[in-house]
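Trainee: Just dropping this structure here.
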Amino acid sequence: MLKVRNLHARVAGREILRGIDLSIQHGEVHAIMGPNGSGKSTLARVLAGHPEYEVTEGEVLFEGEDLLDMDPEERARAGLFLAFQYPVEIPGLNNAYFLKAALNTMRKHRGEEELDAMEFMTLVRERMKQLDIDEAFLNRPVNEGFSGGEKKRNEIFQMAVVEPKLGILDETDSGLDIDALKIVANGVNAMRSAERTFLVVTHYQRLLNYIIPDVVHVLTDGRIVRSGGKELALELEDKGYGWLEEPVRG
Amino acid sequence: MAPSLEQYKTEFESAQRRRRTAESAQQTRMREDALSRFLELGFPTTRQEEWRFTSVAPIASQSFTLAAPAVDAGPVDVTPFRFRDVCAAELVFVDGHFAPALSTRSALLGCVRAGSLAAAVSAHASEVETHLGRVAPFDRSPFVALNTALFADGAYLHIPAHTVLEHPIHVLFVSTGGGAAPLQSHPRVLAVLGDNSQASIVESYAGPGGARYFTNVVTEIVLGQNAVLDHYKLQQESADAFHIGTVYLKGARSATCASHSVSLGGALVRNDVVAVLGGEGGGCTLNGLYLADGQRLVDNHTTIDHVMPHCGSREIYKGILADRARGVFNGKIIVRPDAQKTDAKQTNRALLLSEDAQVNSKPELEIFANDVKCTHGAAVGQLDEDAVFYLRSRGLDRSEARRLLIHAFAGDVLNRMPLESIRIGVEEILQRQLAHALDAAA
């Protein structure tokens with residue numbers, strides 16, 4: 001469902017991704033691990049279409065379509081969702097209003113009926129329950145005054161509401177305590193299905209105890225230097241990233 | 001005397017001939033003194049600190065005729081500007097003259113006075129003269145002086161002690177513009193709230209699109225002990241009009257006042273708000289939202305004067321500027337030597353939607369007491385591109401994302417205004433006015 005070929009990208013004139021190849025099938029969970037500055041988050045943002053990043057080479061096919069040719073909103077409507085590493089605070093914009101506008105835009109583009117206020121609330125209440133989110137939260141401004149953990153939970157909550165085909169989690173685990181981490185992982189696991197794919201970007205192996213990946217990739221210096229099963233994550237936890245300095249295509 | 005001032009003297013003389021019989025000697029003397037003061041001061045220039053960024057030359061260089069009563073109170077459609085919700089009274093003025101046929105007044109008001117100021121000046125002279133011209137001094141401001149000399153009418157609102165008004169009072173000033181001979185009007189509002197009373201008062205200013213006229217309003221508000229007021233000034237003049245407005249508020253012990261200013265229209269707009277916390281334990285909130293596009297200029301000057309101890313003030317002003325529009329914000333907080341335990345907080349932000357829009361903003365703190373808490377913050381910037389991306393990544397297109405963010409920016413101020421009908425009305429106007437600015441930027 002996602003095919004990345006020789007992807008190069010740079011930001012502010014500096015090359016960060018230096019030839020990424022990646023192929024993900026429907027229903028799989030892939031983890032991208034790597035040290036700080038390896039390009040993990042850049043990969044996530046490039047896939048979502050962040051305008052600051054410039055793709056200089058390569059291609060990305062998403063369900064057979066040229067992803068790089070789409071605007072960020074078109075990618076979202078096509079079923080790609082990025083859970084942000086640093087969700088943006090938007091004072092004055094009500095959470096419920098925002099989420100309803102987003103969901104209905106996506107439904108419209110998928111040729112589905114827009115939800116009315118009642119249907120929306122029913123859906124949202126159910127998802128909030130799953131993620132242990134207080135209802136008062138709906139009337140708060142988007143991410144404003146949220147703790148780090150609440151912001152991350154809000155990302156997963158939004159993902160659960162819009163039900164994407166591909167969920168990209170950009171360091172969703174960083175800054176979470178173990179209870180919040182379990183809630184987030186349960187939310188993701190509840191969404192796993194044969195049609196839904198996840199790309200989990202993380203610095204630590206810890207999250208992968210709860211979201212079990214099918215494939216683990218190690219990214220250093222803008223390239224995938226090794227790929228393997230879930231054991232690879234444990235090996236990294238044990239040995240660190242140092243032993244992978246020599247790039248080996250996996 | 002500069003030639004442009006001569007016309008105001010002539011207008012004054014003819015206005016006095018029309019009205020001489022109705023006013024007391026004291027009232028007449030005040031008008032004459034105010035006129036002399038105006039002629040002495042003349043129109044301000046940008047060499048004066050208070051007017052550094054705002055040139056009133058477009059007003060000073062034109063001539064405006066004082067609207068005569070009756071002649072101009074022809075068919076005016078005030079429907080779009082009426083209050084959308086239940087209100088206790090709606091007083092409508094056309095070119096500064098009271099229009100009883102367009103006004104409504106609920107029977108529930110009882111002992112509350114809500115009506116023409118000119119009528120009250122003759123019917124309740126001593127009650128009115130206790131406050132009129134005493135809250136807003138005319139010796140320092142030429143525009144307050146000009147208004148004091150020339151005002152034809154306005155609203156007199158008197159809420160007796162221990163009276164709580166459930167519904168707001170709406171005072172609506174509509175200008176017809178005057179066509180070939182542009183009109184000037186100088187509306188005056190006097191609101192007096194007795195001890196332990198409570199009310200919401202909305203002032204609106206409006207005129208037909210494309211009309212060029214000059215409105216110069218002065219509002220005086222007196223709050224008795226423990227009185228609570230929620231005050232709104234909604235300015236939606238024609239985009240070619242000149243609007244100069246001054247609000248003076250004075251609160252006694254434990255009085256609480258929120259004054260919300262929404263400024264959407266006008267080619268050249270200046271709003272002065274002066275709040276004097278003159279009694280212990282008083283509180284004041286000043287919220288402001290202004291919007292300008294094209295080549296318009298909106299200038300907000302606020303002063304919060306902490307005279308007595310244990311008073312709190314909160315102020316947040318936000319502006320949205322598109323095209324080549326300019327904004328000015330000056331927020332002064334004075335803490336007098338007796339005003340210990342003052343707690344004052346001021347925030348002002350401006351959102352620039354184009355490279356050519358600009359804002360000059362300046363906080364001014366004058367603190368003469370030592371045990372006080374005063375903070376201020378200012379920020380000017382474009383829309384946050386990270387926020388735009390965040391919304392786009394949730395499926396909203398770029399222009400929708402920008403629209404939502406601008407409304408969120410304004411919503412942060414609007415949400416502090418308790419009257420829902422004001423919030424909704426302003427949202428709609430914002431949406432209309434911003435449509436082209438958004439299209440241009442997309």
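Trainee: Tell me which residues, restricted to the range A:1-37, are part of a loop (DSSP other than H, G, I, E, B) and either more than 25 Å from B:Asp386 (Cβ to Cβ) or over 17 Å from the mean Cα position of the chain (by Cα) (or both).
Mentor: So in the range A:1-37, the residues part of a loop (DSSP other than H, G, I, E, B) come out as A:1, A:12-13, A:25-28, A:34-37.
Matches in the range A:1-37: A:Met1, A:Ala12, A:Gly13, A:Gln25, A:His26, A:Gly27, A:Glu28, A:Pro35, A:Asn36, A:Gly37.
Trainee: Among the residues of the range A:102-127, write down those that are away from every other protein chain (no Cβ under 12 Å) and farther than 13 Å from A:Phe157 by Cα. Walk me through how you get there before you give the answer.
Mentor: Within the range A:102-127, the subset away from every other protein chain (no Cβ under 12 Å) is A:111-127.
Of everything in the range A:102-127, those that are away from every other protein chain (no Cβ under 12 Å) and farther than 13 Å from A:Phe157 by Cα turn out to be A:Gly111, A:Glu112, A:Glu113, A:Glu114, A:Leu115, A:Asp116, A:Ala117, A:Met118, A:Glu119, A:Phe120, A:Met121, A:Thr122.
Trainee: From the list B:Phe93, B:Phe64, B:Phe83, which residue is of a type outside the set (A, V, I, L, M) and either under 17 Å from B:Val189 (Cα atoms) or modelled with pLDDT of 95 or more (or both)?
Mentor: B:Phe93
Matching residues to (1) under 28 Å from B:Ala180 (Cβ atoms); (2) modelled with pLDDT under 95; (3) part of a helix (DSSP H, G or I):
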{"residue": "B:Phe43", "(1), (2), (3)": "yes, no, no"}
{"residue": "B:Ser55", "(1), (2), (3)": "yes, no, no"}
{"residue": "B:Gly74", "(1), (2), (3)": "yes, yes, no"}
{"residue": "B:Asp77", "(1), (2), (3)": "yes, yes, no"}
{"residue": "B:Cys87", "(1), (2), (3)": "no, yes, no"}
{"residue": "B:Ala101", "(1), (2), (3)": "yes, yes, yes"}
{"residue": "B:Phe138", "(1), (2), (3)": "no, no, no"}
{"residue": "B:Leu146", "(1), (2), (3)": "yes, no, yes"}
{"residue": "B:Ala149", "(1), (2), (3)": "yes, no, yes"}
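Trainee: Condition first: over 21 Å from B:Ser55 (Cβ atoms), part of a strand (DSSP E or B) and not polar (S, T, N, Q). Now tell me which residues in the range B:341-351 satisfy that. Let's see the steps before the verdict.
Mentor: Going residue by residue through the range B:341-351, those that are over 21 Å from B:Ser55 (Cβ atoms) are B:341-349, B:351.
Of the ones still in play, those that are also part of a strand (DSSP E or B) are B:343-349, B:351.
Once the filter is applied, which keeps residues that are over 21 Å from B:Ser55 (Cβ atoms), part of a strand (DSSP E or B) and not polar (S, T, N, Q), the range B:341-351 yields B:Asp343, B:Ala344, B:Lys345, B:Arg349, B:Leu351.
Trainee: Quickly run through the range A:38-54 and pick out the residues that are assigned to a strand (DSSP E or B) and buried (at least 16 other Cβ atoms within 10 Å of the Cβ). Lay out the reasoning, then the answer.
Mentor: Start the filter on the range A:38-54 by keeping residues that are assigned to a strand (DSSP E or B), which leaves A:53-54.
Across the range A:38-54, the qualifying residue is only A:Tyr53.
Trainee: Determine whether the range A:85-101 contains at least one residue that is part of a loop (DSSP other than H, G, I, E, B), touching a Leu at 6+ places or on another chain (Cβ under 9 Å) and facing chain B (nearest Cβ under 8 Å).
Mentor: Yes, there is a match, as at least one residue in the range A:85-101 is part of a loop (DSSP other than H, G, I, E, B), touching a Leu at 6+ places or on another chain (Cβ under 9 Å) and facing chain B (nearest Cβ under 8 Å).
Trainee: Which condition does B:Val144 not pass, out of (1) surrounded by 23 or more Cβ atoms within 10 Å (Cβ to Cβ); (2) among the aliphatic types (A, V, I, L, M); (3) over 28 Å from B:Ser55 (Cβ atoms), if it passes all the others?
Mentor: (3)
Trainee: Moving on. Which strands (runs of 3 or more DSSP E) does the range B:235-278 wholly contain that include 3 or more residues that are modelled with pLDDT under 95, of a type outside the set (D, E, K, R) and under 21 Å from B:Met417 (Cβ atoms)?
Mentor: Per the criteria, no element qualifies.
Trainee: Let me ask something additional. Among residues belonging to the range A:75-84 that are at the interface with chain B (Cβ under 9 Å from one of its Cβ atoms) and touching a Leu at 6+ places or on another chain (Cβ under 9 Å), point out the one that is nearest to A:Arg223 (Cα to Cα). Break it down into steps so the answer makes sense when it comes.
Mentor: First, the residues of the range A:75-84 that are at the interface with chain B (Cβ under 9 Å from one of its Cβ atoms): A:75-77, A:80-82, A:84.
Going one step further and asking which of them are touching a Leu at 6+ places or on another chain (Cβ under 9 Å), we end up with A:75-76, A:80-82.
Working: A:Arg75: 24, A:Ala76: 26, A:Leu80: 22, A:Phe81: 23, A:Leu82: 21 Å.
In this case the residue turns out to be A:Leu82.
Trainee: Still on this structure, I have one more. May I ask you to list pairs of residues, at least six apart or on different chains, whose Cβ atoms are under 6 Å apart, with the first in the range B:202-227 being more than 30 Å from B:Gly251 (Cβ to Cβ) and the second being assigned to a strand (DSSP E or B)?
Mentor: Matching pairs, first to second residue: B:Tyr213/B:Leu183; B:Phe214/B:Gln184; B:Phe214/B:Phe242.
Trainee: Got at least one residue in the range A:195-216 being part of a strand (DSSP E or B), among the polar types (S, T, N, Q) and touching a strand residue (DSSP E or B) at 6+ places or on another chain (Cβ under 7 Å)?
Mentor: Yes, some residue in the range A:195-216 is part of a strand (DSSP E or B), among the polar types (S, T, N, Q) and touching a strand residue (DSSP E or B) at 6+ places or on another chain (Cβ under 7 Å).
Trainee: Follow-up question, since we're still on this one. Is it fair to say B:Arg47 is over 19 Å from B:Phe214 (Cβ atoms), assigned to a loop (DSSP other than H, G, I, E, B) and at pLDDT 90 or above? Don't jump to the end; show me each part of the working.
Mentor: Values: over 19 Å from B:Phe214 (Cβ atoms): yes; assigned to a loop (DSSP other than H, G, I, E, B): yes; at pLDDT 90 or above: yes.
It is true that B:Arg47 is over 19 Å from B:Phe214 (Cβ atoms), assigned to a loop (DSSP other than H, G, I, E, B) and at pLDDT 90 or above.
Trainee: Just checking, how many residues over the range B:348-374 are buried (at least 18 other Cβ atoms within 10 Å of the Cβ) and either of a type in the set (Phe, Trp, Tyr) or closer than 20 Å to B:Ala410 by Cβ (or both)?
Mentor: Going through the range B:348-374 one residue at a time, the tally reaches 9.
Trainee: Only one of these conditions is not met by A:Asp132: (1) assigned to a loop (DSSP other than H, G, I, E, B); (2) modelled with pLDDT of 90 or more; (3) among the charged types (D, E, K, R). Which number is it?
Mentor: Every condition holds for A:Asp132 apart from (2).
Trainee: Let me ask something additional. When you go through (1) buried (at least 22 other Cβ atoms within 10 Å of the Cβ); (2) more than 7 Å from chain A (Cβ to nearest Cβ) one by one for B:Phe409, which number turns out not to apply?
Mentor: (2)
Trainee: Let me ask another. Those residues that are surrounded by fewer than 24 Cβ atoms within 10 Å (Cβ to Cβ), in a strand (DSSP E or B) and either under 15 Å from the mean Cα position of the chain (by Cα) or not aliphatic (A, V, I, L, M) (or both), I need them from the range B:329-340; list them, please.
Mentor: Within the range B:329-340, B:Asn330, B:Lys332 qualify.
Trainee: Based on what the data block shows, is A:Glu135 farther than 27 Å from A:Arg77 by Cβ and of a type outside the set (Phe, Trp, Tyr)?
Mentor: It is true that A:Glu135 is farther than 27 Å from A:Arg77 by Cβ and of a type outside the set (Phe, Trp, Tyr).
Trainee: Give the range A:44-66 a look and list any residue that's in contact (Cβ under 8 Å) with a residue 60 or more places away in the chain and either facing chain B (nearest Cβ under 9 Å) or on the phi < 0 side of the Ramachandran plot (or both), or say none.
Mentor: A:Ala44, A:Arg45, A:Leu47, A:Ala48, A:Phe62
Here's the yes/no breakdown for (1) within 24 Å of B:Asn271 (Cα to Cα); (2) of a type in the set (Gly, Ala, Ser):
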{"residue": "B:Val307", "(1), (2)": "yes, no"}
{"residue": "B:Asp323", "(1), (2)": "yes, no"}
{"residue": "B:Gly331", "(1), (2)": "yes, yes"}
{"residue": "B:Asn348", "(1), (2)": "yes, no"}
{"residue": "B:Leu351", "(1), (2)": "yes, no"}
{"residue": "B:Glu355", "(1), (2)": "no, no"}
{"residue": "B:Asp386", "(1), (2)": "no, no"}
{"residue": "B:Arg403", "(1), (2)": "no, no"}
{"residue": "B:Gly411", "(1), (2)": "yes, yes"}
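Trainee: What are the residue pairs meeting all of these: first residue in the range B:274-292, first residue on the phi > 0 side of the Ramachandran plot, second residue part of a loop (DSSP other than H, G, I, E, B) and surrounded by fewer than 21 Cβ atoms within 10 Å (Cβ to Cβ), Cβ atoms under 7 Å, and 6 or more apart or on different chains?
Mentor: B:Gly281/B:Arg253; B:Gly281/B:Ser254; B:Gly281/B:His310
Trainee: In the set B:Ala410, B:Ala379, B:Ala369, which member is part of a loop (DSSP other than H, G, I, E, B) and over 30 Å from A:Met70 (Cα atoms)?
Mentor: Unique residue meeting the criteria: B:Ala369.
Trainee: Could I ask something else about it? Quick one: B:Ala267 ticks every box in (1) buried (at least 21 other Cβ atoms within 10 Å of the Cβ); (2) under 30 Å from B:Arg324 (Cα atoms); (3) of a type in the set (A, V, I, L, M, F, W, C) except a single one, so which number is it?
Mentor: Going through the list (1) buried (at least 21 other Cβ atoms within 10 Å of the Cβ); (2) under 30 Å from B:Arg324 (Cα atoms); (3) of a type in the set (A, V, I, L, M, F, W, C), B:Ala267 breaks only (1).
Trainee: Could you please find all residues in the range B:302-328 being in contact with a Leu (Cβ under 6 Å, 6 or more places away or on another chain), of a type in the set (A, V, I, L, M, F, W, C) and outside any loop (DSSP other than H, G, I, E, B)?
Mentor: B:Ile320, B:Leu321
Trainee: Would you call A:Asp170 among the acidic types (Asp, Glu), touching a residue at least 40 places away in the same chain (Cβ under 8 Å) and buried (at least 19 other Cβ atoms within 10 Å of the Cβ)?
Mentor: Against the criterion (among the acidic types (Asp, Glu), touching a residue at least 40 places away in the same chain (Cβ under 8 Å) and buried (at least 19 other Cβ atoms within 10 Å of the Cβ)), A:Asp170 qualifies.
Trainee: Another question about this same structure. For the condition acidic (Asp, Glu) and within 12 Å of chain A (Cβ to nearest Cβ), what is the one hit in B:Asp371, B:Asp386? Before the answer, list the steps.
Mentor: Details: B:Asp371 fails: within 12 Å of chain A (Cβ to nearest Cβ).
Matching residue, one of B:Asp371, B:Asp386: B:Asp386.
Trainee: Looking at (1) at pLDDT 95 or above; (2) under 30 Å from A:Ala117 (Cα atoms), find the lone condition where A:Ala9 falls short.
Mentor: Tallying (1) at pLDDT 95 or above; (2) under 30 Å from A:Ala117 (Cα atoms), A:Ala9 fails exactly one: (2).
The values are calculated or read from the model by the stated rules, or taken from the named source; none is laboratory data. If you're wondering where the values come from, they're calculated on a predicted model, not measured in any experiment. Glycine gets a Cβ as well: all are built from the backbone with ideal geometry, and neighbour counts include every protein chain shown.
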